[in-house]
Amino acid sequence: VVFRDLVEQTENVSVVINEVGEERKLSDLGAPSDVGQRLKNTLAPPDSERQGELIRAGELQKQGKTYYILEYEVTFPDQQKRHNMASVAVSRGKLFTLNISTPQERWNSLSERFSTIANSFEVY
């Protein structure tokens, strides 16, 4: 599912769900930086002309569940930069990834809001 801002069409929030197996936990997929590097490779694949940088990878515990909070900067071939934040969790055999993205020039005014959104993401 992807939702786009009405005014800034390139600003978006999405949730991606993948199967990981009933018995798996988020920590089974690796540390926050390991999972962050793998997600970075989906935002800026090594064989693409995009350049990605994992800026921050942390862990958050809420109501007995572990979440990884990840922050990225992605540079496109035309030198346009984007800032992304993601919250990743495993529940009921599925990997849930909330991703929020905005043009870099809007990041300073939105960084606090993006952190609030990423930190508020919950799975059951």
Once you list every other residue whose beta carbon is under 11 Å from the beta carbon of TRP107, what net charge do they have if Lys and Arg are +1 and Asp and Glu are -1? -1
Charge dipole (debye, nearest 20) of segment 73-113; +1 at Cβ of Lys and Arg, -1 at Cβ of Asp and Glu: 260 debye
Global geometry of segment 1-97, whether rounded, prolate or oblate, following the gyration tensor of its Cα atoms and the 1.5 cut on a/c: prolate
Sequence of PHE121, PHE114 when ordered by accessible area, the most exposed leading, probe 1.4 angstrom: PHE121, PHE114
For segment 69-81, in order, what is each residue's ³J(HN,Hα) by Karplus, 6.51 cos²θ - 1.76 cosθ + 1.60 with θ = phi - 60°, in whole Hz (x at glycine and Pro)? 9, 10, 10, 9, 10, 10, 10, 8, x, 7, 6, 5, 10
Could you pull out which residues in segment 60-77 have an amide N less than 19 Å from a spot 7 Å beyond the Cα of GLU49, following the Cα-Cβ vector? 74-77
GNM top mover of VAL16, VAL90, VAL35 - the chain, alpha-carbon springs below 10 Å: VAL16
Vicinal HN-Hα couplings computed from phi for segment 2-7 (Karplus, 6.51 cos²θ - 1.76 cosθ + 1.60; Hz; Gly/Pro x): 10, 10, 10, 5, 5, 8
Cα principal axis extents for segment 16-60, largest first, Å: 37, 21, 15
Please find the FRET efficiency linking THR75 to GLN37, where r is the Cβ-Cβ separation and R0 is fixed at 25 Å, and quote it to the nearest 0.05. 0.90
Using alpha carbons only, how many angstrom separate the centre of segment 1-62 from the centre of segment 64-124? 7 Å
Which angle from 0 to 90°, rounded to the nearest 10, does the C-alpha axis of helix 104-120 make with the longest principal axis of the chain? 10 degrees
Angle check, please: helix 32-43 long axis (alpha carbons) against the longest principal axis of the chain (alpha carbons), in degrees 0 to 90, nearest 10. 50 degrees
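Which shape class applies to segment 45-122: rounded if a/c is under 1.5, otherwise prolate when a/b exceeds b/c and oblate if not, where a ≥ b ≥ c are the square roots of the Cα gyration tensor eigenvalues?
On the way: a/c = 2.82, a/b = 1.59, b/c = 1.77.
It comes out oblate by the Cα gyration axes.
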If I take every Cα pair under 8 Å that is 6 or more residues apart in segment 4-124, average their sequence separation and divide by the length, what percent do I get for the relative contact order? 27 percent
Phi angles of segment 14-24, converted by Karplus (6.51 cos²θ - 1.76 cosθ + 1.60, θ = phi - 60°) into ³J(HN,Hα) in whole Hz with x for Gly and Pro, give 9, 10, 10, 10, 10, 6, 10, x, 4, 8, 7
What does the charge dipole of the chain about its Cα centre add up to, to the nearest 20 debye, if the Cβ of each Lys and Arg holds +1 and the Cβ of each Asp and Glu holds -1? 280 debye
Amide H partners (placed H, <5 Å) of LYS62, local residues excluded: TYR67
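Per residue, what accessible area does the chain have, given a 1.4 Å probe and all protein chains present, in Å²?
Heavy-atom SASA per residue in the chain reads 59 Å².
The values are calculated or read from the model by the stated rules, or taken from the named source; none is laboratory data. Predicted model only: the values in this text are computed from it and were never measured. All Cβ positions, even for glycine, are placed from backbone atoms using ideal geometry, and neighbour counts span all protein chains on display. For accessibility, only protein heavy atoms count, side chains too; no ligands or nucleic acids. Shrake-Rupley method; radii C 1.70, N 1.55, O 1.52, S 1.80 Å.
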